[in-house]
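*Asks:* The structure is given below, and queries will be raised subsequently.
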Amino acid sequence: MPGQQSLLKQRTHLFTWAALLILFGALFYQPIFRTIGLGFHHGFIKDLFSSDNFQVTWFTIWQALLSTGLVLVIATPIAYSLYKIRFRGQSLITVLITLPFLLPTIVVGIGFTSLLQHSSAITLIIAANVFMNFGLAARIIGVTWQSIGNEETDAAALDGAGRLKTFFHVTAIQLRGAYAAAGFLVFLYCAANFGIILVLGNENTKSLETSIYINAVENLDLTKVATLVLIQSLLTLSLFLAVSKFSRSSFAPIGYWGRNKAKNYEVRDLPAILFTLLVTVGFVIAPLFSIVWRALHFDGHATWSNFSRLRSSGARDVLSISINHALMNSVRNAAISLVISLGIGLLIAFLLLNTRFQHLGLIFQLPLGISPVVLGLGFLITFTDGIFPLRSSWLVTPIAQSLVLIPLVLQIVLPALRGIDSELKDSAEMDGSDASTYWWMIQVPLVKKAILLATIYIVVVSMGEFGAANFLSYGDQATLPTVLYQLISHPGAINYGMALAASTILIVFAGGVLSLSLL
């Protein structure tokens, strides 16, 4: 009887894996491969290695590398102060530094143009990349740092080693997996940061993302688009393979499970605390406050006029629908994305935890490095007609967004599941519990905070998703980020003021939802 149950369990897992792979293959890999296939012709190799493609790829790589390096440097003392010691206000700071990662790139672009009006495009891009990702890196490094005991660092201190020497010779070695995972994710997000470069860049700052968009929308050169998509796909795959050499798992511990191992701060911890406060105030609050302050002013006077115009179509009727209508579309899409991505993400996490097919996790992670812009274009090419004409349905946008969000669910939930003591599973099996009972009665309650965090991330990120929506949401189905881009693309004080007001609403919404993680 136990043998039959084991065989049934294996068959169930295999059937579920097959269903997930078919679904993911049809909705993610098919659009990508069909887009790449448009570029295969007799001059394909020459186009692939053209000087223009080299320049675009090189810019994408070096700006992402520079941004990632700065992020890791800034995140290190912040991770220490938020996860290794205790002081008042930590929870609020954790929320504030996480907020930039969840904000729409359009909002971040507006914030940095309003705060650093006279800076160069590349300075703005690097600053915006760091702004959006240092909080994410601090969480990944901090959670791992918190789980490390103090025995080796205490021994180094007894031997007379200073704090910096101890960090570089002991702690940094223990954290190398966390640094690899954090750097891996940050590089991917910086390389695929479409909205930031579109809003802040110029002719000399074209990335793979913006080049794909420009060639698809303005030049209608799908052959060029196909070669760029292939380059991006190869870059992403190479990075996945490279990070596996340095870290046992590329699933980074983004979740946050308390500070029970943290100690009370000492005088020598004050520099790290002050640095954290300085970065939070000067690099997070300042850009966001700049947006809110300017939204509450028009023509030099404090007023609510920017908000009252949100029911209009803007100056010269640039909008086909009101911002309020677009906001409702975004809320609806976020709800659908939540159901799809959280449900499928938890199912995949369960399978990765309980089957031998751990390597299949890579298949579901690749959307991290493939731009929503590419996915949106792929949907446009693949699902316009045929058996699944998704393009004609408003569901196309939340479905595309869900495919990008599933890897984020895995990054948050799977490390939390793997952190559960294996003795609990052994005890449950001895008591006669099957896998599903163990999942619902033990695992889910233990990782409920990680599931809550994943829910928060899904809702806020999908509300601000711009890349796929830019191709798939049109007419009365436009989303708030696409409407925001229309406003800032048409000059004028009224349109810009409306964009600032809408950005303020998104900031307040994201901050309010993220504050639920404090519960």
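*Asks:* Taking into account only those residues within region 88-126 that are of a type in the set (S, T, N, Q) and closer than 16 Å to F289 by Cβ, which is surrounded by the fewest Cβ atoms within 10 Å (Cβ to Cβ)?
*Replies:* Pass one, region 88-126, residues of a type in the set (S, T, N, Q): 90-91, 94, 98, 105, 113-114, 117, 119-120, 123.
Still in the list and also closer than 16 Å to F289 by Cβ: 113-114, 117.
On the way: T113: 18, S114: 17, Q117: 8.
Restricting to residues being of a type in the set (S, T, N, Q) and closer than 16 Å to F289 by Cβ, the top hit is Q117.
*Asks:* Ok, one more. Within region 95-150, how many residues turn out to be over 19 Å from T68 (Cβ atoms) and among the basic types (K, R)?
*Replies:* 0
*Asks:* Taking the options S330, S337, S322, S290, name whichever one is in contact with a Leu (Cβ under 9 Å, 6 or more places away or on another chain), small (G, A, S) and free of Cβ contacts under 8 Å to residues at least 24 places away in the same chain.
*Replies:* Details: S330 fails: free of Cβ contacts under 8 Å to residues at least 24 places away in the same chain; S337 fails: free of Cβ contacts under 8 Å to residues at least 24 places away in the same chain; S290 fails: free of Cβ contacts under 8 Å to residues at least 24 places away in the same chain.
Every option except S322 fails the conditions.
*Asks:* Assess whether S147 counts as being at pLDDT 85 or above, among the small types (G, A, S) and out of contact with any helix residue (DSSP H, G or I) (no Cβ under 8 Å at 6 or more places or on another chain). Please lay out each step first, then the result.
*Replies:* On the way: at pLDDT 85 or above: no; among the small types (G, A, S): yes; out of contact with any helix residue (DSSP H, G or I) (no Cβ under 8 Å at 6 or more places or on another chain): yes.
For S147, the condition - at pLDDT 85 or above, among the small types (G, A, S) and out of contact with any helix residue (DSSP H, G or I) (no Cβ under 8 Å at 6 or more places or on another chain) - is not met.
*Asks:* Would it be correct to say that S290 is more than 29 Å from the chain's Cα centre (by Cα) and surrounded by fewer than 20 Cβ atoms within 10 Å (Cβ to Cβ)?
*Replies:* Working: more than 29 Å from the chain's Cα centre (by Cα): no; surrounded by fewer than 20 Cβ atoms within 10 Å (Cβ to Cβ): yes.
Spelling it out, it is not the case that S290 is more than 29 Å from the chain's Cα centre (by Cα) and surrounded by fewer than 20 Cβ atoms within 10 Å (Cβ to Cβ).
*Asks:* Somewhere in region 311-322, is a residue under 29 Å from the mean Cα position of the chain (by Cα) and in a helix (DSSP H, G or I)?
*Replies:* Within region 311-322, not a single residue is under 29 Å from the mean Cα position of the chain (by Cα) and in a helix (DSSP H, G or I).
*Asks:* Quick one: count up the residues across region 69-117 that are closer than 30 Å to N264 by Cβ and aliphatic (A, V, I, L, M). Lay out the reasoning, then the answer.
*Replies:* The initial filter retains those residues of region 69-117 that are closer than 30 Å to N264 by Cβ, namely 71-101.
Subset that is aliphatic (A, V, I, L, M): 71-75, 78-79, 82, 85, 92-93, 95-97, 99.
Number of matching residues: 15.
*Asks:* Further question on the same structure: Name the residues in region 182-198 that are under 10 Å from the mean Cα position of the chain (by Cα) and of a type in the set (V, I, T), would you?
*Replies:* V186 - this is the single residue of region 182-198 that is under 10 Å from the mean Cα position of the chain (by Cα) and of a type in the set (V, I, T).
*Asks:* Which one is nearest to L417 (Cα to Cα), of the residues in region 348-382 that are buried (at least 24 other Cβ atoms within 10 Å of the Cβ) and among the small types (G, A, S)?
*Replies:* The selected residue is A349.
*Asks:* Is it true that some residue in region 327-348 is part of a loop (DSSP other than H, G, I, E, B) and within 30 Å of T504 (Cβ to Cβ)?
*Replies:* Quick first cut of region 327-348, residues part of a loop (DSSP other than H, G, I, E, B) only: none.
No, that holds for no residue.
*Asks:* Same structure, new question: Give the residue that is modelled with the lowest pLDDT, with candidates limited to residues of region 103-144 that are farther than 19 Å from A178 by Cβ, of a type in the set (S, T, N, Q) and under 17 Å from the mean Cα position of the chain (by Cα).
*Replies:* Ranking the candidates gives T105 first.
*Asks:* In the set S114, S91, S81, which member is touching a residue at least 40 places away in the same chain (Cβ under 8 Å) and touching a Lys or Arg at 6+ places or on another chain (Cβ under 6 Å)?
*Replies:* Values: S91 fails: touching a Lys or Arg at 6+ places or on another chain (Cβ under 6 Å); S81 fails: touching a Lys or Arg at 6+ places or on another chain (Cβ under 6 Å).
It is S114.
*Asks:* Also: Looking at region 202-243, which of its residues are among the β-branched types (V, I, T) and part of a helix (DSSP H, G or I)?
*Replies:* As a first pass, look at region 202-243 and keep what is among the β-branched types (V, I, T): 205, 210, 212, 214, 217, 223, 225, 227, 229, 231, 236, 243.
Result: T210, I212, I214, V217, T223, V225, T227, V229, I231, T236, V243.
*Asks:* Separate question: Identify, from the list G314, G345, the residue that is surrounded by 19 or more Cβ atoms within 10 Å (Cβ to Cβ), in contact (Cβ under 8 Å) with a residue 60 or more places away in the chain and within 30 Å of F28 (Cβ to Cβ).
*Replies:* Values: G314 fails: within 30 Å of F28 (Cβ to Cβ).
Residue meeting the stated conditions: G345.
*Asks:* Further, regarding this structure: Can you name every residue in region 444-493 that is part of a loop (DSSP other than H, G, I, E, B) and either in contact with an Asp or Glu (Cβ under 7 Å, 6 or more places away or on another chain) or acidic (D, E) (or both)? If you could, list the steps in order and put the result at the bottom.
*Replies:* Going through region 444-493, the residues part of a loop (DSSP other than H, G, I, E, B) turn out to be 447, 465-466, 473-474, 478-479, 490-492.
Result: E465, single match.
*Asks:* Looking at region 52-66, is at least one residue within 24 Å of I291 (Cα to Cα) and modelled with pLDDT of 90 or more? Lay out the reasoning, then the answer.
*Replies:* Initial filter on region 52-66 (within 24 Å of I291 (Cα to Cα)): none.
No, region 52-66 contains no residue that is within 24 Å of I291 (Cα to Cα) and modelled with pLDDT of 90 or more.
The values are calculated or read from the model by the stated rules, or taken from the named source; none is laboratory data. All figures in this text were calculated on a predicted structure; none of them were measured in a lab. Please note: Cβ atoms are built from the backbone with ideal geometry, for glycine as well, and neighbour counts cover all protein chains shown.
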